[in-house]
Structures are given as structure tokens and as C-alpha cells.
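Throughout, read-outs are computed from the coordinates displayed, never taken from laboratory work. The structure presented is a predicted model; accordingly, all values stated were derived computationally and were not measured. Here the Cβ positions follow ideal geometry from the backbone for every residue, glycine too, while neighbour counts run over all protein chains shown.
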């Protein structure tokens, strides 16, 4: 079976409960549509679990983009040779923005790791793609974190910027693909914004699956084979 989640934001226990609820096995595939890290209590644990599973495919959210830039600067050993150059004024601005958006829990988790484990997990963050695609039966899916900013019909996904895919919101009332069996799945924007409820929102061939797990809402999971919905409070 093919599944997707988004915006776990360090809610490791909810994530494990969801895997148990859907009976996730080696025969299944899970896509995580970004924002694994920040805000919640255990973002590093979720990252490590995802990195250890060959059938889990995370993509970049805006929080991973912020985190990997900041961590790459903060976790460098300071020496006499790099002391004056490894942190620039713009790095402090980016660091402050990240911490103000919940980066403290991710930073704390990384600091607890051994040097080699930390480096491996940071490499994992840098290797994450901005999008994924998948097919099941006659249905095809495009997974991005936030949307298709600066959308143009026929524009290849590789031509979109990190801002377009991981930061810019999307208009879920817009039909992006002419093929009726092609679907766009996003997170990033709380479904409360669209429907007023912490439940998966669908409009046209678009799904938003960020149900605010870290904000007192629910962690959602969509099974793409049959569009079954699963929730963990």
C-alpha cells in the first residue's frame, strides 16, 4: 500500500502510533511531505526512524530547509582558521528566524548525537529532494510540501525553485493537471484554514494533509490506493 503524511513536527509518539494504526510493513511505501523537524518534542527521533527505513521517502519542507542551513553552520568545530568567517551576519539572521519558528527542539536533539551520527543525519537532510512522484493503479501523484508556486502548465517539476515547492502556498481550488487521474498532495497549510476542521481536505484533484498535529490537531495519513484516511489525536 502507498501512504503519505506531512508536518509531523517532532511528534514522534504520534508518528509511531500512526505506523501501528496503518499496519505499516516492509511491503508498504510511505511519503512524508516535509516538516518532520522543529516545534515538537522529538524531531531527531522521527528523522532517524525515516532514515533507517528503505521504504520511507521524506521530502523537503521549509523547516528542513531552515534547519539544514543553520545546523551546517552551528555544528562546525570552530578553529583559529575559521573563527572569523564561519558565521556571517546573514547566518545570525537565518539562525534567529529558524529558532523563532521552533528550531530549538531540533538543535537540542542534534546536540545529543555523537559527532559521526550527527554528520550522517545532516547529510540525510541535505540529500532530501524537493518533490517526489508515485503511481498506484491508474492514479499518479505529485508530492510537494507547500504547493506549486509560479505554476505554469507543462513546466517540469525540476524547474520549480525551493521557494515555489517548500514555501509558497497553493490554490487548492485550481486544477493543476489535465489528466483526471493525476493528483497533487501537499502539507504546509493547516487544513483548518480550508475547512475549519483537522481533517484531510480535498478540492479538485488536490489534497492537503496537514491537520496540525503539533498544534493540538491530529496527525493525518492518507492511503493513496483507495483514499482511506487515518488519524492520531
Q) Which of the peptides 138-148, 46-56 is most tightly packed, and how do the rest follow, going by the mean number of other Cβ atoms within 10 Å of each residue? A) 138-148, 46-56
**Q.** In Å, descending, principal axis extents of the Cα set of segment 2-232
**A.** 60, 39, 32
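What FRET efficiency do you get for residue 23 and residue 69 if R0 is 45 Å and r is their Cβ-Cβ distance, rounded to the nearest 0.05?
Numbers: r = 37 Å, r/R0 = 0.82.
Efficiency computed from Cβ-Cβ geometry: 0.75.
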Q | Stretchable slack from residue 16 to residue 180, in nm (0.36 nm times residue separation minus alpha-carbon distance) | A | 55.7 nm
Q.
To test your reading of the geometry: what angle, between 0 and 90 degrees and rounded to tens, separates the Cα axis of helix 115-127 from the longest principal axis of the chain?
A. 40
Q: Project the alpha carbons of segment 91-156 onto their principal axes and report the range along each, largest first, in whole Å.
A: 45, 28, 17
Q. In whole Å, what is the distance between the alpha-carbon centres of segment 156-187 and segment 194-233?
A. 17
Q. Hey, what's the per residue convex hull volume over the C-alpha atoms of segment 150-233, in cubic angstrom?
A. 103
Q) Helix-derived [θ] at 222 nm for the chain: sum -39500 (n - 2.57) over DSSP H runs of at least 4, divide by residue count, nearest 500? A) -9000 deg cm²/dmol
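For a quick check: sort 126, 98 by the number of other beta carbons within 10 angstrom, fewest at the front. Please report the intermediate quantities before stating the final value.
Working: 126 12, 98 24.
Placing the least packed residue first, the sequence is 126, 98.
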Q. What is the Cα centroid distance between segment 11-81 and segment 111-154, reported in whole angstrom?
A. 10
Q. Which length gain, in nm to one decimal place, applies between residue 93 and residue 158 when the Cα-Cα distance is subtracted from 0.36 nm times their residue separation?
A. 20.5 nm
(Q) Along the Cα→Cβ direction, 7 angstrom out, place labels at residue 215 and residue 115. What is the inter-label distance in nm? (A) 4.1
